[in-house]
Amino acid sequence: MPDLQTILHHVPAALLVIFRIGGLTIYGPVLGSSVIPVRVKVMLSFMIGIMCYPLLSSDHFARLHFQDELWMLAPLVGMELIIGLIVGFLASLPLLALQTGGLIMGQQMGLGFAQLYNPAIDDEADIVGQMLFFMGLAAFVLVGGHESMLLSILHSFDRVPVGGFSPDGDLVHVVTGVLLASLELALRVAAPVLALVFLETVAMGFLAKTVPQLNILSLGFPIRILIGFASVGIGLVVINDVALESMSDTFNAVFQWIDSCGSN
């Protein structure tokens, strides 16, 4: 049985491992949901960190030099937490892009006042945006996105030793690149509905000029909503493929960034 002194010797390093993994429970999809109680998130981070710590080599902790000053852990805890936050934030961007695309579609369809509370992001969301968000979240779980998040964190220990992370220019390029790709995803998802709604608006304008007696205001809104939902229903397969491709590209960017950290 190990004595108390030996156990205390491993406490600082184990805490840093726990905090790096715990960053996923703050902003990552599924794990970072506000529906999950904070105590459950803390327990989950603690259990995963404790299970992973014995599997790590002593080389991962080569830069740690502690004596008795636990206050020295504060800046290192912040750096380790940032790694988990970055991975969770990047993994959540495709889902937020789907929600943004749905929000754009809902606004153009005339559903701007139909807002619902989305507990997954602790904010209000459009009906179409919330529908696409939960569909993307289901696809994220089905393809193992939560497992990829955890694997990327575990892979980071091989490239970024505990206590050895320092933000650099590569991180800025990765974050901006994924942000731009997410914006493109949102526009690609919303583009078909925007085009059809535009054509419907032009057609209603010509109809109003041709038949002035027709109440275009009461006729145009139902048609716009029907066209919008029909376009979304028909394009769900394409939206699913595009979303899965974006998720795959995001995790590839995350792994490339982690590999570049190890080569620096």
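When the expected Rg is taken as 2.2 N^0.38 Å, what fraction or multiple of it is the alpha-carbon Rg of segment 119-209?
Working: Rg = 20.4 Å, N = 91, 2.2 N^0.38 = 12.2 Å.
Relative to the rule-of-thumb radius for its length, segment 119-209 sits at 1.67.
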Point to revise | Packing-based ranking, highest mean first, of 208-214, 174-180 given that Cβ atoms within 10 Å are counted | key: 174-180, 208-214
Revision key, fill the gap. On the formula 1/(1 + (r/R0)^6), with r taken between the Cβ atoms of LEU183 and LEU142 and R0 of 25 Å, the FRET efficiency rounded to 0.05 is 0.50
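Rounded to the nearest 0.05, what FRET efficiency is calculated for LEU44 and PHE134 with R0 set to 22 Å and r the Cβ-Cβ distance? Walk me through the intermediate numbers first.
Values: r = 22 Å, r/R0 = 0.99.
According to the calculation, E is roughly 0.50.
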Practice item. Place the peptides 89-102, 225-238, 20-33, 137-150 in order of packing, highest mean first, counting for every residue the other Cβ atoms within 10 Å and averaging per peptide. Key: 89-102, 20-33, 137-150, 225-238
Practice item. With a bin width of 5 angstrom, please list the P(r) values of segment 134-264 as percents of all Cα-Cα pairs, from the 0 bin to the one holding the largest distance. Key: 2, 9, 14, 14, 13, 10, 9, 7, 6, 5, 4, 3, 2, 1, 0
Review point. In segment 190-260, how does Rg compare with the Kirkwood Rh, expressed as the Rg/Rh ratio over alpha carbon atoms?
Key: 1.32
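Compute the length gained on full extension between ILE26 and GLN256: take 0.36 nm times their separation in residues and subtract their Cα-Cα distance, giving the result in nm to one decimal.
Numbers: separation 230, 0.36 × 230 = 82.80 nm, distance 2.26 nm.
This chain segment gains 80.5 nm when fully extended.
Rule-based calculations on the coordinates, nothing more; no lab input. This is a predicted model, so every value here is computed, not measured. All Cβ positions, even for glycine, are placed from backbone atoms using ideal geometry, and neighbour counts span all protein chains on display.
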